[in-house]
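J.: There's a structure below that I have some questions on.
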Amino acid sequence: SNDINFSKAMLYKTVCSDLSDLENVNYDVLVFFSPAGITSLFENFPKFKQNETRIAVFGATTAKAAEAAGLQIDIAAPKPEAPSMTMALEQYIKKNNKK
């Protein structure tokens, strides 16, 4: 309305949150939806050891980042039998919690 020439642009920068207050917390499963999550894990916890923690990843690029970081992937999605992370987690739990 003011006769100003402009172009719209979407700008963003993904940054890692400071999670250092969680240093002594252990989780059964860590779920990653992007390579940035893998980066954040090691920026916050450079001495992270996977031990018994299961690693879940969504997508090929996230899986590649996890493998490059030396993590063992236990749960992956999407797959034909598990197109969502929820389904992949449910199938993993059912399979591994049989008595």
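J.: Using each residue's phi in segment 17-27, evaluate 6.51 cos²θ - 1.76 cosθ + 1.60 at θ = phi - 60° and report the 3J(HN,Hα) Karplus result to the nearest Hz, with x for Gly and Pro.
T.: Here the 3J(HN,Hα) series is 6, 7, 10, 4, 5, 9, 4, 9, 9, 10, 10 Hz.
J.: Can you give me the angle between helix 35-44 and the longest principal axis of the chain, using Cα atoms only, in degrees from 0 to 90, rounded to the nearest 10?
T.: 80
J.: Right, here's the next one. Can you bin every Cα-Cα distance in segment 1-44 into 10 Å intervals starting at zero and give me the percent of pairs per bin, rounded to whole numbers?
T.: 19, 37, 15, 12, 12, 4
J.: Let me ask something else. Starting at the first residue of segment 59-70, write each ³J(HN,Hα) from the Karplus equation 6.51 cos²θ - 1.76 cosθ + 1.60 with θ = phi - 60°, in whole Hz, x for Gly and Pro.
T.: Residue by residue, segment 59-70 yields x, 5, 5, 5, 4, 4, 5, 5, 5, 5, 7, x Hz.
J.: Take the eigenvalues of the Cα gyration tensor for the chain, scale each by 5, and report the square roots as semi-axes in whole Å, largest first.
T.: So the equivalent ellipsoid measures 33, 20, 12 Å along its semi-axes.
J.: For residue 17 and residue 33, compute 0.36 nm times the residue count separating them, minus their Cα-Cα distance, and round to one decimal in nm.
T.: 4.2 nm
J.: Please give the per residue accessible area of the chain, computed with a probe of 1.4 Å over protein heavy atoms only, in Å².
T.: For the chain, the solvent-accessible area averages 81 Å² per residue.
J.: Take the solvent-accessible surface of the protein heavy atoms, probe 1.4 Å, and return the percent of it on the chain that carbon and sulfur atoms account for.
T.: Roughly 53 percent, rounded to a whole number.
J.: Using only Cα atoms, locate the centre of segment 70-91 and the centre of segment 26-49, then give the distance between them in Å, rounded to an integer.
T.: After rounding, the separation between the Cα centres reads 17 Å.
J.: For the chain, set up a GNM with springs between Cα atoms under 10 Å and report which of 13, 47, 79 has the largest fluctuation.
T.: Sorting by GNM fluctuation, first place goes to 13.
J.: Starting from segment 25-72, pick out the chymotrypsin sites (Phe, Trp or Tyr not before Pro) whose DSSP state is loop and whose Cβ has at most 11 other Cβ atoms within 10 Å.
T.: For chymotrypsin sites (Phe, Trp or Tyr not before Pro) across segment 25-72 that sit outside H, G, I, E and B with at most 11 neighbouring Cβ atoms in 10 Å, the list reads 27.
J.: Follow-up. If you fit an axis through the alpha-carbon atoms of helix 85-96 and take the longest principal axis of the Cα set of the chain, what angle between them do you get, 0 to 90°, nearest 10?
T.: Approximately 10 degrees, to the nearest ten.
J.: Now for a separate question. Amide H neighbours of residue 54 under 5 Å, counting only residues 5+ apart in sequence or on other chains, H built in-plane at 1.01 Å?
T.: 29, 30
J.: Can you pull the one-decimal nm distance between simple spin-label points at residue 68 and residue 96, each 7 Å off the Cα toward Cβ?
T.: Rounded to a tenth, the inter-label distance reads 2.5 nm.
J.: Oh, and also: Return the percentage of antiparallel bridges among DSSP beta bridges fully within the chain, rounded to the nearest 5 %.
T.: 10
J.: What does the charge dipole of the chain about its Cα centre add up to, to the nearest 20 debye, if the Cβ of each Lys and Arg holds +1 and the Cβ of each Asp and Glu holds -1?
T.: 420
J.: What does the C-alpha gyration tensor say about the overall shape of segment 49-99? Classify as rounded when a/c is under 1.5, otherwise prolate if a/b is larger than b/c, or oblate.
T.: oblate
J.: Here is a follow-up. How high is the relative contact order of the chain, in percent, with contacts defined as C-alpha pairs under 8 Å that are six or more residues apart?
T.: Reported as a whole number, the value is 20 percent.
The values are calculated or read from the model by the stated rules, or taken from the named source; none is laboratory data. As the structure is a computational prediction, the values presented were derived from the model and not from experiment. Every residue, glycine among them, receives a Cβ derived from its backbone with ideal geometry; neighbour counts consider all protein chains shown. Surface accessibility is based on the protein's heavy atoms, side chains included, excluding ligands, DNA and RNA. Shrake-Rupley method; radii C 1.70, N 1.55, O 1.52, S 1.80 Å.
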